[in-house]
1. Let me confirm something: among R167, R174, which residue is in contact with a Pro (Cβ under 7 Å, 6 or more places away or on another chain) and in contact (Cβ under 8 Å) with a residue 24 or more places away in the chain?
2. All but one of (1) assigned to a loop (DSSP other than H, G, I, E, B); (2) among the hydroxyl-bearing types (S, T, Y); (3) touching a strand residue (DSSP E or B) at 6+ places or on another chain (Cβ under 7 Å) hold for S273; which doesn't?
3. Please go through the range 71-104 and give me each residue that is in a loop (DSSP other than H, G, I, E, B) and crowded, with 22+ Cβ neighbours inside 10 Å, ordered by number.
4. Find the residue count for the range 178-208, including only residues that are outside any helix (DSSP H, G or I) and either farther than 22 Å from V142 by Cα or touching a Gly at 6+ places or on another chain (Cβ under 8 Å) (or both).
5. Cβ-Cβ under 7 Å, sequence separation 6+ or interchain: first residue in the range 178-201 and over 11 Å from R278 (Cα atoms), partner among the polar types (S, T, N, Q). Which pairs?
6. If I go through the range 58-102 residue by residue, how many of them are touching a residue at least 24 places away in the same chain (Cβ under 8 Å), small (G, A, S) and farther than 19 Å from P146 by Cα?
7. Mind checking whether some residue in the range 53-67 is at positive phi and buried (at least 22 other Cβ atoms within 10 Å of the Cβ)?
8. Looking at D33, D27, D64, D44, can you tell me which residue is of a type in the set (D, E), more than 18 Å from R217 (Cα to Cα), in contact with a strand residue (DSSP E or B) (Cβ under 7 Å, 6 or more places away or on another chain) and modelled with pLDDT under 95?
Amino acid sequence: MIGMKRAARLLAGAWMSVACVAAVAADAPVVFDVGTMHVERHGDRGSTVILIPGLASGSWVWKDVMATLQTEHRVYAVTLAGFDGRPAVDGDGLALANQSLHELIVSQRLDKPVLVGHSLGGTLALMFAAAHSELIAGVVAVDGLPVFPTTEGTPVAQRAVLAGRIRAQLNVSRPEFEVQQLQYMRHIGVIGEEKAVALARLAARSDPAATADYAARFMALDLRPQMRSIRVPVMELSPYLASDYAAIGIDEAGKTAYYRSLLAGVEKLEVVSIPQARHFAMIDQPRAITQALASFLSSTAAP
């Protein structure tokens with residue numbers, strides 16, 4: 001009798017193990033490359049969302065967002081060449097990423113996805129929308145803009161000088177790059193030392209030279225004249241931490257208005273402030289970001 005009970009427990013445990021393995025397998029992303037982009041696909045139903053991380057970032061940026069979205073949406077999380085351990089490529093990485101995004105949508109027959117980009121990823125999403133609004137349903141940019149903030153008054157000829165300075169500042173040895181990432185995360189990236197250390201460690205997996213090149217190319221851009229070509233809804237999520245802006249006298253409403261001015265020309269624009277958050281707002285305030293995304297995805301869903 002004891003032997004029978006033990007066998008039953010072992011059998012139950014075996015089935016439990018199989019069930020757990022099956023659950024892990026079901027949650028495992030489908031992984032592939034398109035052009036210069038690395039792609040992870042999560043979820044298998046609902047409308048499509050493409051998540052684009054920013055400078056020196058990978059899909060880890062969207063961990064909390066993906067956990068929520070993939071239950072009701074097909075989620076494609078991309079990583080740009082040179083970031084998060086991916087090999088860098090020769091040439092204009094930003095332009096190649098734009099082409100790869102087009103290839104992803106066309107080759108996978110994605111029906112009007114919503115592009116969600118953070119920082120440089122948001123700029124890429126706006127760039128793509130200006131050229132290919134017919135292929136997408138909308139754009140959500142998390143602190144991603146058509147021009148680098150505070151440089152909107154810089155003449156075209158001077159932008160190349162700014163780009164050169166950024167390239168020289170960021171194109172450093174790997175140990176120096178790791179120090180840069182930690183300082184950035186502490187003062188601009190996120191709130192709290194523990195998160196800053198963790199994110200800096202992840203960001204440091206990116207290639208310093210590739211990071212410098214992307215940053216320089218972004219600094220040289222001013223996409224504001226193209227914003228009037230965007231024919232889909234755009235939501236800009238603007239992180240705001242009062243203590244960071246107190247010294248320069250910008251309140252929450254003032255920052256929201258400033259971001260709106262940089263996106264002038266977008267026909268269907270909503271700028272939403274995310275309080276108590278720094279640049280990586282999806283890390284500081286994941287619930288606020290996912291709620292804003294849910295609202296936007298509901299409003300852009302096909303009838």
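1. One residue alone meets the criteria, R174.
2. (1)
3. H73, L80, A81, G82, F83
4. 3
5. Final answer for the pair search is A200/Q181.
6. Selection size over the range 58-102: 8.
7. Within the range 53-67, one or more residues are at positive phi and buried (at least 22 other Cβ atoms within 10 Å of the Cβ).
8. On the way: D33 fails: modelled with pLDDT under 95; D27 fails: in contact with a strand residue (DSSP E or B) (Cβ under 7 Å, 6 or more places away or on another chain); D64 fails: in contact with a strand residue (DSSP E or B) (Cβ under 7 Å, 6 or more places away or on another chain).
Within the list D33, D27, D64, D44, the selection yields D44.
The values are calculated or read from the model by the stated rules, or taken from the named source; none is laboratory data. All figures in this text were calculated on a predicted structure; none of them were measured in a lab. Glycine gets a Cβ as well: all are built from the backbone with ideal geometry, and neighbour counts include every protein chain shown.
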